[in-house]
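Following: one structure in C-alpha cells, then a few remarks.
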Amino acid sequence: MAFKHIGNRAIEITSQNHDVFKSDNVGKPKVLLFTDKAKTPIVFRALSTYFDKTLEFGMVKSDDEELIKKYKVKSFPTFTILKHGEKTPITYDGDDFSYNALFEFINTYSETFVFS
C-alpha cells in the first residue's frame, strides 16, 4: 500500500522521443533503465524522485528494438548513464539492483554528491 505513495519522475523513452530526451537539458546527466517490466520498478521510481534536481530518468522497454540495439543491451534490467559530451554511455555492471547499490552508482554521476 505504501508503494503507491512513492513518486515517479521517470518518463518512458522510445525511439521517437529518445533524441529529444538526450539533447534536452544538457546540464543534467540522463539515467536510462532498460527493462522487460510493464511498469516502472519501485526502486527506479524512488531514485528518480530522490535525484530529481540533478539527474533525468528515462525507462526503455524491451520491445523497443532500435534502442536496445543502439545501446547493445544484452539483459534486463540494464542501467545506463548518458553524460553530455561523452560518446560512450556508462553502464552499471553490478549484480545488486537494490536501492543502496544503485544509489551509490548513480550518486557518482550526480551534479551534487550526497553523503550517507
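Rule-based calculations on the coordinates, nothing more; no lab input. Quick caveat, the model's predicted, so the values are computed rather than measured. All Cβ positions, even for glycine, are placed from backbone atoms using ideal geometry, and neighbour counts span all protein chains on display.
Phi angles across region 18-32 convert, under the Karplus curve 6.51 cos²θ - 1.76 cosθ + 1.60 with θ = phi - 60°, into 3J(HN,Hα) values of 4, 5, 5, 4, 5, 8, 6, 6, 4, x, 9, x, 10, 10, 10 Hz, Gly and Pro given as x. In this calculation the C-beta distance from LYS69 to VAL26 is compared with R0 = 25 Å, giving a FRET efficiency of 0.55. Our coupling estimate for region 55-72, obtained by passing each phi through the Karplus curve with A = 6.51, B = -1.76, C = 1.60 and θ = phi - 60°, is 9, 10, 10, x, 10, 10, 7, 5, 7, 8, 4, 4, 6, 4, 5, 4, 8, 6 Hz, Gly and Pro reported as x.
List ASP64, ASP52 from most exposed to least, where exposure is judged by having the fewest other Cβ atoms within 10 Å.
Placing the least packed residue first, the sequence is ASP52, ASP64.
Only DSSP H runs of four or more residues enter the estimate; each adds -39500 (n - 2.57), and after division by the residues of the chain the mean residue ellipticity at 222 nm equals -6500 deg cm²/dmol. Put a plus charge on the Cβ of each Lys and Arg, a minus charge on the Cβ of each Asp and Glu, and nothing anywhere else: the dipole of region 2-107 about its Cα centre is then about 180 debye.
Using a cutoff of 8 angstrom between alpha carbon atoms and counting only pairs six or more residues apart, the relative contact order for region 2-107 works out to 32 percent. Between amide H atoms placed 1.01 Å from N, distances below 5 Å from MET59 occur with ILE11, GLU12, ILE13, LEU33, all of them 5 or more places distant or on a separate chain.
From the alpha carbon gyration tensor of region 52-116, can you work out the equivalent ellipsoid semi-axes (sqrt of 5 times each eigenvalue) and give them in Å, largest to smallest?
Working: eigenvalues 96, 44, 22 Å².
Values for region 52-116, descending: 22, 15, 10 Å.
Taking Cβ atoms as reference points and 10 Å as the exclusive limit, the residues near ASN8 contribute a net charge of +3, counting Lys and Arg as +1 and Asp and Glu as -1. Converting phi to 3J(HN,Hα) with the Karplus coefficients 6.51, -1.76 and 1.60 and the offset θ = phi - 60°, region 79-94 yields 10, 10, 10, 10, 10, 4, x, 9, 6, 9, x, 9, 10, 5, 10, x Hz in sequence order, with x at every glycine or proline. Looking at region 24-109, the trypsin sites (Lys or Arg not before Pro) that sit in a DSSP loop and have at most 16 other Cβ atoms within 10 Å of their own Cβ are LYS37, LYS39, LYS53, LYS72, LYS74, LYS83, LYS87.
Within region 26-116, how many Lys pairs that are eight or more residues apart, or on different chains, come under 12 Å at the alpha-carbon? Don't skip to the answer; put the middle values down first.
Details: LYS28/LYS53; LYS28/LYS83; LYS30/LYS53; LYS30/LYS83; LYS37/LYS61; LYS39/LYS61.
Lysine pair count for region 26-116: 6.
Within the chain, what is the longest stretch that has no GluC sites (Glu not before Pro) placed in a DSSP loop and near at most 14 other beta-carbon atoms within 10 Å?
1-85
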